[in-house]
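**Student:** Before I ask anything, here is the structure I am working with.
The values are calculated or read from the model by the stated rules, or taken from the named source; none is laboratory data. Just so it is clear, the model here is predicted, and its values are computed rather than measured. Note: ideal-geometry Cβ built from the backbone for every residue, glycine included; neighbour counts use all protein chains shown.
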Amino acid sequence: MLKIDLTGKRAFVAGIGDDQGFGWAIAKALAEAGCEIVVGTWTPILKIFKTSFEAGKFDASRKLSDGSMMEFAKIYPLDAAFDTQDDVPEEIKENKRYKNAEGYTVSEVAASVKKDFGEIDFLIHSLANAPEVKNSLLETSRQGYLAAMSSSSYSFVSLLAHFGPLMRAGGASISLTYMASERAVPGYGGGMSSAKAALESDTRILAWEAGRKFGVRVNTISAGALPSRAAKAIGFIERMIEYAEKGAPLPKSLNASEVGNTAAFLVSDLASAITGSIVYVDNGMHAMGVGPEILED
């Protein structure tokens, strides 16, 4: 019997801020397979996330199939827009949500993980942010565009560069993308479509570089629309989901666990020869050129 067994493995999951998104679903799937989970949470929401977690607000979502609860070995503050403290603007440093946080840049978090745990096996990038996501591309400022690229695509390059030396040979890294990287999705603005295209391109070259340098695999999952907290920032996620459920080859809703299960497979030895790939988990929506409305009278 084929079985995904990640016992004795450790994953760093960057981007969990609640129990609704793909990051949580991936962490849970890895935990189901016996993996130890370490988390990086966006610094401004760290306090509310930890408070909610400790208060039991996520307990229903934490429950594993054997009745136990998913645990996090440690939760770190993380702002992947900054590689070192020298990159952090003074107004950010003085912001009350950052002022009392320690070591939240990529290099600092990697150093803390090395000190606390030594090594990891898997790196999960579940980060995306575009301050002007509601703007069309033509109305997106240079600053907004570059911010989207920094937070949503370069952050993966930086995380892998800093965490790669901590990863055991045979490990794997996964990011999350969306079909707007290769199809026009009106309304998915602010440079996010560009950032996802960059992320997919980077996946291929990073597969070569990280494979040769660290002995790890690099893949990205192109996930369908999900009504997560982050996705709601787009402003019309419900309409996107409705369109996908009506127009995809599999006309059903997407469950975050389907993305989580795919991630568990991709980091496992069952996928030992898969790297540099975009794996679509979107009920086949990426394959469509037009929707079923073309058949309607």
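**Student:** Regarding segment 106-120, can at least one residue be identified that is at pLDDT below 95 and among the aliphatic types (A, V, I, L, M)? If you could, list the steps in order and put the result at the bottom.
**Tutor:** At the first step, the residues of segment 106-120 found to be at pLDDT below 95 are none.
Checked segment 106-120: no residue is at pLDDT below 95 and among the aliphatic types (A, V, I, L, M).
**Student:** Further question on the same structure: For segment 79-99, how many residues are in a loop (DSSP other than H, G, I, E, B) and either hydrophobic (A, V, I, L, M, F, W, C) or over 21 Å from GLY15 (Cβ atoms) (or both)?
**Tutor:** Let us first name the residues in segment 79-99 that are in a loop (DSSP other than H, G, I, E, B), namely 79-84, 88-89, 94-95.
Among the residues that remain, those that are also either hydrophobic (A, V, I, L, M, F, W, C) or over 21 Å from GLY15 (Cβ atoms) (or both) are: 80-82, 88-89, 94.
Within segment 79-99, residues that are in a loop (DSSP other than H, G, I, E, B) and either hydrophobic (A, V, I, L, M, F, W, C) or over 21 Å from GLY15 (Cβ atoms) (or both) number 6.
**Student:** Shifting gears a bit: Exactly one of (1) of a type in the set (Lys, Arg); (2) outside any loop (DSSP other than H, G, I, E, B); (3) under 13 Å from GLY224 (Cβ atoms) is unmet by LYS252. Its number?
**Tutor:** (2)
**Student:** Can you name the residue in segment 61-75 that is surrounded by 14 or more Cβ atoms within 10 Å (Cβ to Cβ) and not in a loop (DSSP other than H, G, I, E, B) and, of all such residues, is nearest to the chain's Cα centre (by Cα)?
**Tutor:** ILE75
**Student:** Same structure, new question: Report every pair of residues separated by at least 6 positions or lying on different chains whose Cβ atoms are under 6 Å apart, first residue within segment 44-67 and closer than 15 Å to GLY21 by Cα, second surrounded by fewer than 16 Cβ atoms within 10 Å (Cβ to Cβ).
**Tutor:** Listed pairs, sorted by first residue: ARG62/MET69.
**Student:** For segment 1-24, enumerate the residues that are under 16 Å from SER268 (Cα atoms) and either in contact (Cβ under 8 Å) with a residue 24 or more places away in the chain or within 19 Å of the chain's Cα centre (by Cα) (or both). Full working, then the answer.
**Tutor:** Of segment 1-24, the ones under 16 Å from SER268 (Cα atoms) are 1-13.
Result: LEU2, ILE4, ASP5, LEU6, THR7, GLY8, LYS9, ARG10, ALA11, PHE12, VAL13.
**Student:** Still on this structure, please answer the following. If you check VAL113 against the conditions, is it surrounded by 18 or more Cβ atoms within 10 Å (Cβ to Cβ), within 21 Å of the chain's Cα centre (by Cα), of a type in the set (A, V, I, L, M, F, W, C) and assigned to a helix (DSSP H, G or I)?
**Tutor:** Working: surrounded by 18 or more Cβ atoms within 10 Å (Cβ to Cβ): yes; within 21 Å of the chain's Cα centre (by Cα): yes; of a type in the set (A, V, I, L, M, F, W, C): yes; assigned to a helix (DSSP H, G or I): yes.
When the stated conditions are applied, VAL113 passes them.
**Student:** So in segment 93-107, with the set limited to residues that are closer than 18 Å to LEU159 by Cα and in contact with a helix residue (DSSP H, G or I) (Cβ under 7 Å, 6 or more places away or on another chain), which one is surrounded by the fewest Cβ atoms within 10 Å (Cβ to Cβ)? Talk me through it step by step, then tell me what you get.
**Tutor:** So in segment 93-107, the residues closer than 18 Å to LEU159 by Cα come out as 102-107.
Narrowing further to those that are in contact with a helix residue (DSSP H, G or I) (Cβ under 7 Å, 6 or more places away or on another chain): 103-107.
Values: GLY103: 15, TYR104: 25, THR105: 23, VAL106: 25, SER107: 17.
Applying the filter and picking the extreme gives GLY103.
**Student:** Kindly provide the set of residues from segment 242-292 that are among the aromatic types (Phe, Trp, Tyr) and either at pLDDT below 95 or under 14 Å from the mean Cα position of the chain (by Cα) (or both), ordered by number. Walk me through it before giving the result.
**Tutor:** Initial filter on segment 242-292 (among the aromatic types (Phe, Trp, Tyr)): 243, 265, 280.
Matches in segment 242-292: TYR243 only.
**Student:** For SER155, indicate whether it is surrounded by fewer than 20 Cβ atoms within 10 Å (Cβ to Cβ), modelled with pLDDT of 95 or more and not basic (Lys, Arg).
**Tutor:** Numbers: surrounded by fewer than 20 Cβ atoms within 10 Å (Cβ to Cβ): no; modelled with pLDDT of 95 or more: yes; not basic (Lys, Arg): yes.
No.
**Student:** With (1) out of contact with any Leu (no Cβ under 7 Å at 6 or more places or on another chain); (2) more than 19 Å from VAL267 (Cβ to Cβ) as the list, and SER152 as the residue in question, which single condition is left unmet?
**Tutor:** Against the list (1) out of contact with any Leu (no Cβ under 7 Å at 6 or more places or on another chain); (2) more than 19 Å from VAL267 (Cβ to Cβ), SER152 comes up short only on (1).
**Student:** Please pick out the residue among LYS96, LYS50, LYS63 that is more than 20 Å from SER175 (Cβ to Cβ), modelled with pLDDT under 95 and out of contact with any Phe, Trp or Tyr (no Cβ under 8 Å at 6 or more places or on another chain).
**Tutor:** On the way: LYS50 fails: modelled with pLDDT under 95; LYS63 fails: modelled with pLDDT under 95.
Residue meeting the stated conditions: LYS96.
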